[in-house]
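See structure below.
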Amino acid sequence: MFRHDPPASDWFTADDSVLGVALVFPLQGPAGMFGPTCELCAQLAAEEVNRAGGVLGRELKLLPVDGGASPREIADHVEALVDLGVVQGVTGWHISSVRQALAPRIAHRVPYVYTALYEGGEHTSGVFLTSETPHDQLRPAMGLLAHERRVRRWFVVGNDYVWPRRTARAAHAYARDCGGSIDGEVYLPLGTHDFEPVLRRIERSDADAVLMLLVGSDAVRFNRAFAAYGLDARCLRLSTLMDENMLMASGPSATVDLYSTAGFFASLANQDTLDFHGQYAGRYGVEAPALGSLGESCYEGVLLLAALLKQAGTLDVSAIGAAADTVSYEGPRGLLHLRGSHVRQRIYLARADGLVFDVLTELDLHGSRP
């Protein structure tokens with residue numbers, strides 16, 4: 001309903017008047033549920049950039065690539081677009097295993113702005129990152145819940161790939177810093193439907209909180225099973241990947257005592273967020289997919305990519321990298337700056353209230369590093 005894909009023939013034709021950007025976002029798999037919001041937010045940003053004159057005298061044009069396919073397939077597709085001269089940049093939300101496959105293939109050739117929250121530690125030349133890392137996002141959230149809710153014993157439930165496993169590794173240290181511990185860990189394939197064995201393990205444990213590192217519809221199904229099992233009366237849940245679309249899909253009966261931490265929530269009552277709501281609704285109408293941090297990150301990605309190219313005045317990746325620490329841009333998350341190829345931003349803790357997030361506080365990020 002909301003998609004406006006270009007004709008297939010246009011995807012493979014280089015055009016010097018156009019600056020092509022591969023927008024890699026999920027159209028299938030567990031993350032496919034927020035893919036439509038990713039695309040609409042990115043398109044909104046591209047239209048804004050083009051109204052302001054485009055980039056380097058060229059119109060910015062997004063070319064959708066399904067980021068829900070296998071990492072190798074995605075990397076092959078995007079590399080082919082770069083080889084053909086069709087795209088001069090890459091951005092979008094996709095899981096870390098896709099980034100790890102894609103970055104070595106293209107980041108030295110075209111700028112690559114990665115918008116998903118991730119496990120930290122990415123310093124490949126030509127890769128720039130807009131979203132949250134565990135040290136900035138999870139560490140202060142765990143500390144606050146330890147202080148305010150007396151959480152001491154955590155149980156980790158994650159999908160089985162790099163982001164959940166490396167985030168959980170960091171969580172062990174964060175728990176110890178708060179006088180607590182990680183008392184159990186389970187990693188499940190993407191697309192898992194049966195959570196009963198995991199729920200039995202949580203029930204038998206002494207955990208008083210669950211750290212959810214699950215993607216999209218996997219998290220939705222876990223929330224429903226968790227509530228049906230009655231564990232929401234005993235354990236709070238904290239997720240670093242839980243947006244408004246996932247909250248609504250879970251349903252109000254499955255979101256009791258569920259916390260999320262992110263750099264953007266649609267319910268934030270500040271002028272930047274309110275302005276973004278107005279732009280989004282004005283462009284796509286009231287029936288558009290719900291705004292959330294995951295889709296909104298793609299708006300950030302397009303703005304950062306445009307800012308990088310404008311500041312460097314060239315498509316040369318080395319020159320872009322050299323200028324990166326002088327780059328800033330303004331969007332729904334406020335005025336943001338790059339440092340060490342990572343965007344520095346405010347991070348919030350929110351608690352689910354039915355089908356919306358009640359933003360409780362801005363987290364203290366003093367001393368944070370990516």
_Restricting to the range 67-126, name every residue that is touching a Gly at 6+ places or on another chain (Cβ under 8 Å) and among the basic types (Lys, Arg)._
109
*When only residues in the range 314-339 that are touching a Lys or Arg at 6+ places or on another chain (Cβ under 8 Å) and not basic (Lys, Arg) count, which is farthest from residue 262 (Cα to Cα)?*
317
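Looking only at the range 233-246, count every residue that is more than 15 Å from the chain's Cα centre (by Cα) and either open to solvent by 30 Å² or more (accessible area, probe 1.4 Å) or more than 21 Å from residue 194 (Cβ to Cβ) (or both) and tell me the total.
4
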_Please count how many residues of the range 169-187 are in contact with a Pro (Cβ under 9 Å, 6 or more places away or on another chain) and either of a type in the set (A, V, I, L, M, F, W, C) or at positive phi (or both)._
3
*Hey, among 325, 358, which residue is touching a residue at least 60 places away in the same chain (Cβ under 8 Å) and either part of a strand (DSSP E or B) or acidic (Asp, Glu) (or both)?*
358
*strands (runs of 3 or more DSSP E) contained in the range 46-146 and holding at least 2 residues farther than 30 Å from residue 350 by Cα, among the aromatic types (Phe, Trp, Tyr) and open to solvent by less than 10 Å² (accessible area, probe 1.4 Å)*: none
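The values are calculated or read from the model by the stated rules, or taken from the named source; none is laboratory data. The model shown is predicted, which means the values in this text are computed figures rather than measured ones. Neighbour counts are summed over all protein chains in view; Cβ atoms, including those assigned to glycine, are modelled from backbone coordinates with ideal geometry. Surface areas here come from the heavy atoms of the whole protein model, side chains and all, with no ligands, DNA or RNA. Shrake-Rupley method; radii C 1.70, N 1.55, O 1.52, S 1.80 Å.
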